[in-house]
1. Report the gain in length on full extension from S109 to A13: 0.36 nm times residue separation, minus Cα-Cα distance, nm rounded to one decimal.
2. Note down the relative contact order for segment 236-310 as a percent, whole number, built from C-alpha pairs under 8 angstrom at least six residues apart.
3. Which distance in nm do the two modelled labels at E202 and Q244 give, with both placed 7 Å along the Cα-to-Cβ direction?
4. For the chain, what does the equivalent ellipsoid look like in terms of its semi-axes, each the square root of 5 times an eigenvalue of the Cα gyration tensor, given largest first in whole Å?
5. Let me check against my output: what whole-number percent is the relative contact order of the chain, with C-alpha pairs under 8 Å and at least 6 apart?
6. Sort 194-203, 236-245 by packing, meaning the average of other beta carbons within 10 Å per residue, with the highest value first.
7. Per DSSP H run of n ≥ 4, the term is -39500 (n - 2.57); total these for the chain, divide by its residue number, and report the mean residue ellipticity at 222 nm rounded to 500 deg cm²/dmol.
8. Sequence neighbours fewer than 8 away in the same chain don't count; with that in mind, list the lysines whose C-alpha is under 26 Å from K55.
Amino acid sequence: MDIKTCRLAADAAGVADAAGLLTAGELVSFPTETVYGLGADARNNLAVAGIYAAKGRPSFNPLIVHLAGKQDAQSYVQWSDMAEILATAFWPGPLTLVLPLKVDHGLSSLVTAGLDTVALRVPAHPAAQALLGAFGGPVAAPSANPSGRISPTTADHVLAGLAGKIAAVLDDGPCQVGLESTIIGLGSNRPTVLRAGGLPQEAVAAALGQPLKQSGETGITSPGQMASHYAPGAAVRLNATTAQNDEVLLGFGQMQCDLNLSPSGDLVEAAANLFDHLHRLDAMARPIAVAPIPDHGLGRAINDRLCRAAAPR
Ligand code: TXA
Ligand code: MG
C-alpha cells in the first residue's frame, strides 16, 4: 500500500521533522555530498527491513551506517591505526571504511547482512550532518533508488523511484560529488579498495603511505559489485565515438553528442553529472552510447559505474 511521501525543506524545522520520523522507525531520504541516501535507524530491525522492501533490494547486500562524527565509530567497530589515519584525513567526506564489528555493537543484523564487518561513513553534507546530529544515532542508508537502478543526485530522482514507499525526502538540491563514496576494507592485513568512488583511491594510498589491494586481487567482492547494478532501462554501449542507429550519445570532452559529462574534459565535473545525465538519457527510451572516459582519478569510479550500466542483464 502506498503512503504519502513528504518533501521536507532542509531548514531547522525540516531537519527536526526528518529526525522525528527516523526515531519513529520511518524511512527518510536525505542528501549527502555523494548521492541521496535512504535512511533508517540502524539499530531498528524493522526500520532497516523497510529499506530493503522500499528498494526491492537483494537481502544479501549490506548497508552503510552513517554517523555524525568519527568519535561515534568506536562504539560499533574495532578501531585501528589505519582507520584513525583515514578518518582524520577524509571524514567528513566521500569515504566509507569497512571494519570488524565490536561485540555488543547494537546494530541491526540486517544492516550487516550477517557479516562480521560493517561499513561506516561520516558524510560532509550540511543537511546530512544536521540530520545525524538531531537524530543522535547511527543511520543505515543505501543510495535512495530502487535496487539496480541509477543512484539519485536530486530529491526529484528520489521521488521518481520511491514516492509512496518512504515517509519523506529532505530536499537540499543536487549532490555535489554525484558518485557514491569510495569503500576501503580495513579488515584484512592490507587495505583494500572494495568500491571506487568519489574520493580518488590515489589519495587514500598516499595518506596510508602504501599501495592498496584491489578487491579483484583478493577475491573479496563487495556484494554491491553485482554486474548489472546501476543499470538504466535502455542498453548501454561503451567507448563510442559516434552514435549508431537510434542511439543517444553521452559525451566527454570536445565532441558532438546529445549530452556531455564535461565539455572541458574535467573528471570531477563528469562525476557530478554522471547519474543525472544517465537519468535524462534513460528517460528518452533509446539505447545509450557513451564516449571513452580516461581511467584515472575519478575516471575509475565513473568507468566502474558505466561498466555495470553496460553489463548484460
Ligand atoms: O556514497 C555512498 O556511499 C552512498 C551514500 C548514501 O552514503 N551510499 C551507498 O550505499 O552507496 P549503497 O548501499 O548503495 O552501497 C553500499 C555498498 C554496497 O556495495 C555494499 O555491498 C557495500 O557498500 N558494503 C556494505 N557493507 C559492507 C561490508 N561489511 N563489507 C563489504 N562491503 C560492504
Ligand atoms: Mg546504491
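1. 31.4 nm
2. Rounded, it is 39 percent for segment 236-310.
3. 3.3
4. Taking √(5λ) for each eigenvalue gives 30, 24, 17 Å, largest first.
5. Across the chain, relative contact order equals 20 percent.
6. Descending packing order for the listed peptides: 194-203, 236-245.
7. After summing the helix terms and dividing by the residues of the chain, the value is -9000 deg cm²/dmol.
8. K55 reaches K4, K165.
The values are calculated or read from the model by the stated rules, or taken from the named source; none is laboratory data. Here the structure is a predicted model, which is why all the values come from computation and not from measurement. Every residue, glycine as well, gets a Cβ built from its backbone with ideal geometry; the counts of neighbours run over all protein chains shown. Calculation scope for accessible area: heavy atoms of the full protein, side chains included, ligands and nucleic acids excluded. Shrake-Rupley method; radii C 1.70, N 1.55, O 1.52, S 1.80 Å.
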